[in-house]
Amino acid sequence: MNDPENPCGPAAGLAPAGPFADAERAAIYHAIHTRRDVRDQFLPDPLPEDLLQRLLNAAHAAPSVGFMQPWSFILIRDADLRQRAWEAFSKANDEAAALFADEKQSLYRSLKLEGIRKAPLSIVVTSDPDRAGPVVLGRTHNPRMDVYSTVCAVQNLWLAARAEGVGVGWVSIFRDEDVRALLGIPDRVEIVAWLCLGYVEELYQAPELALKGWRQRLDLDDLVFCERWGEPERTE
């Protein structure tokens, strides 16, 4: 109980903590493990505004360094604008393909890496480094913390979308200046993600790039160290 004579005391604003109920906990892990990067399974149906608001609220509830909330969300439904974005992607995708050799390049070119024209909605997520002024609590020694915070907002949106039956695909193959010019984004604002959103009826049972032979999931045991870098976790 809060102390009325000390409203800023240790109990101020606190609520009981504890594990979720079994079904609630299972639902969170289910969303995490069945989330997929969607490129080609989008349905054309528009997302209802109340659903979109829930997804944006989930994103906006993300943690952020110094509570600066550096994110902004540009909603893009216009087909002509999405066509121009796809053209920017295609140019960058050809450049990217040339970086791979031989069989890897052939596999790369066979992959569908975006759903810009097929998904009914795109959301471009940006990070404003000036949102909380020049000195931000927690960002004093790592200037990238605002971008890391924005990525947390993307993940929140993605997991909420999975729970709502909405697919999300993150398109990262762009030249920054092309997207900036297309959407009028100021130079000081960083472009973090171009997200394609839409209803889906089916999702891959495992990450698409794993199923198509690009890369496989790493063994978690090889990624967990004990006390120092490179020291394996003790199992005894």
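Just so it is clear, none of the values below were taken in a lab; they were calculated from the coordinates. Everything numeric in this text was worked out from a predicted model, so none of it was measured. Cβ coordinates were reconstructed from backbone atoms using ideal geometry, including for glycine residues, and neighbour counts include every protein chain displayed.
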GNM on the chain, C-alpha springs below 10 Å: top fluctuator among ASN142, ASN156, ASN57?
ASN142
Relative contact order of the chain: what whole-number percent is it, with Cα pairs under 8 angstrom and at least 6 residues apart?
29
Whole-number percent relative contact order across the range 107-197, with pairs defined as alpha carbons under 8 Å at least 6 apart:
50
Between VAL136 and residues 5 or more places away or on another chain, the pairs with built amide H atoms under 5 Å apart involve none
Per-residue HN-Hα couplings for the range 174-185 [Karplus 6.51, -1.76, 1.60; θ = phi - 60°; Hz; x = Gly/Pro]
9, 8, 3, 5, 5, 5, 4, 5, 5, 10, x, 7
Have a look at the DSSP beta bridges in the chain and tell me what percent are antiparallel, nearest 5.
95
Gyration tensor on Cα atoms of the range 161-236, a ≥ b ≥ c root eigenvalues, a/c under 1.5 rounded, else prolate if a/b beats b/c, else oblate, says oblate
Taking just the alpha carbons, could you work out the radius of gyration and Dmax for the range 97-236, both in angstroms?
19.0, 57
Within the chain, helix-based [θ] at 222 nm, where runs of 4 or more DSSP H residues each add -39,500 (n - 2.57), nearest 500:
-11000 deg cm²/dmol
Using the charge dipole of the range 37-212 (Lys, Arg: +1 at Cβ; Asp, Glu: -1 at Cβ; taken about the Cα centre), state which of GLY115, LEU157, SER127 has its Cα farthest towards the positive end.
SER127
Rank-order 86-92, 36-42, 20-26 by packing density, defined as the average count of other C-beta atoms within 10 Å over each peptide's residues, highest first.
36-42, 86-92, 20-26
Dimensions of the range 32-77 along principal axes (Cα, Å, largest first)?
39, 27, 17
What are the extents of the Cα atoms of the range 50-133 along their three principal axes, in Å, largest first?
47, 28, 19
Say the dipole of the range 37-212 comes from +1 at the beta carbon of Lys and Arg and -1 at that of Asp and Glu; which of TRP194, PHE67, ASN93 then lies farthest toward its positive end?
PHE67
For the chain, built as a Gaussian network whose Cα springs stay under 10 Å, the top-fluctuating residue of ASP80, ASP102, ASP176
ASP102
Charge dipole magnitude, Cβ of K and R +1, D and E -1 - the range 37-212, Cα centre, debye nearest 20
220
Whole percent per 10 Å bin, from 0 to the bin with the longest distance: what is P(r) over all C-alpha pairs of the chain?
7, 23, 31, 25, 10, 3, 1, 0
